[in-house]
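Trainee: The structure is given below, and queries will be raised subsequently.
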Amino acid sequence: MTEEKPIIKIEEQNDKKGVCYISNVPPQMPIIKIRELLQPYGIERVYFKSKGSGNNRSYSEGWVEFKDKKIAKMAALSLNGTNIIQKKHKQLSDYMWSIKYLTGFKWDDLNENFNYERRLQKKKLDLEINQSKKEHEFYLEKTIKKVKQQ
């Protein structure tokens, strides 16, 4: 019986937490700076993912978990569309927050999605490796036949 109480408390704490999605994070803004700007709202965790590849890697997207979903909703409503940095003549002063509260979304959902993407990426890579091995074996086989014929 005593073991069930901590599990219930953790689930209740997770029900109180809220997750917001941030799109179009300035490329030169470090995650530490975003943590610093959102810390007054009581954030728990942050995760950022690059969009695109190569030269098109100019923006990132991210998720932020807040300790309280009411505060997460309030933060999203009050920050969305406002300048990230309020001081003029700063490098990031032209960028605006694009933040949205994700109703019913939990951090575990995010982890589950990323794990699925990793598994999918691994399967694709395995398929490419197998295809490459088959092509290599085929090429060797044809080469050996030609050498034997000469």
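Trainee: Can you work out which of the residues in segment 1-40 that are among the polar types (S, T, N, Q) and surrounded by 10 or more Cβ atoms within 10 Å (Cβ to Cβ) is modelled with the highest pLDDT?
Mentor: Filtering first and then ranking leaves 23.
Trainee: Would it be correct to say that residue 92 is at pLDDT below 90, open to solvent by 60 Å² or more (accessible area, probe 1.4 Å), over 27 Å from residue 15 (Cα atoms) and of a type in the set (A, V, I, L, M)? Give the steps one after another, and end with the answer.
Mentor: Values: at pLDDT below 90: yes; open to solvent by 60 Å² or more (accessible area, probe 1.4 Å): no; over 27 Å from residue 15 (Cα atoms): yes; of a type in the set (A, V, I, L, M): yes.
In short, no.
Trainee: To continue, here is another question. So residue 98 clears everything in (1) surrounded by 10 or more Cβ atoms within 10 Å (Cβ to Cβ); (2) farther than 14 Å from residue 22 by Cβ except one condition, right? Which one?
Mentor: Just one mismatch for residue 98, condition (2).
Trainee: Using beta carbons and a limit of 9 Å, which pairs, at least six apart or on different chains, have the first residue in segment 70-86 and assigned to a helix (DSSP H, G or I) and modelled with pLDDT under 90 and the second one open to solvent by less than 60 Å² (accessible area, probe 1.4 Å) and among the aliphatic types (A, V, I, L, M)?
Mentor: Listed by first residue and then by second, the contacts come to nothing, as the list is empty.
Trainee: Which one is modelled with the lowest pLDDT, of the residues in segment 101-150 that are open to solvent by 90 Å² or more (accessible area, probe 1.4 Å) and under 22 Å from residue 66 (Cα atoms)?
Mentor: Within segment 101-150, the match that is modelled with the lowest pLDDT is 112.
The values are calculated or read from the model by the stated rules, or taken from the named source; none is laboratory data. The model shown is predicted, which means the values in this text are computed figures rather than measured ones. Glycine also receives a Cβ, built like all others from the backbone with ideal geometry; neighbour counts cover every protein chain displayed. These area figures cover heavy atoms from the full protein model, side chains too; ligands, DNA and RNA do not enter into them. Shrake-Rupley method; radii C 1.70, N 1.55, O 1.52, S 1.80 Å.
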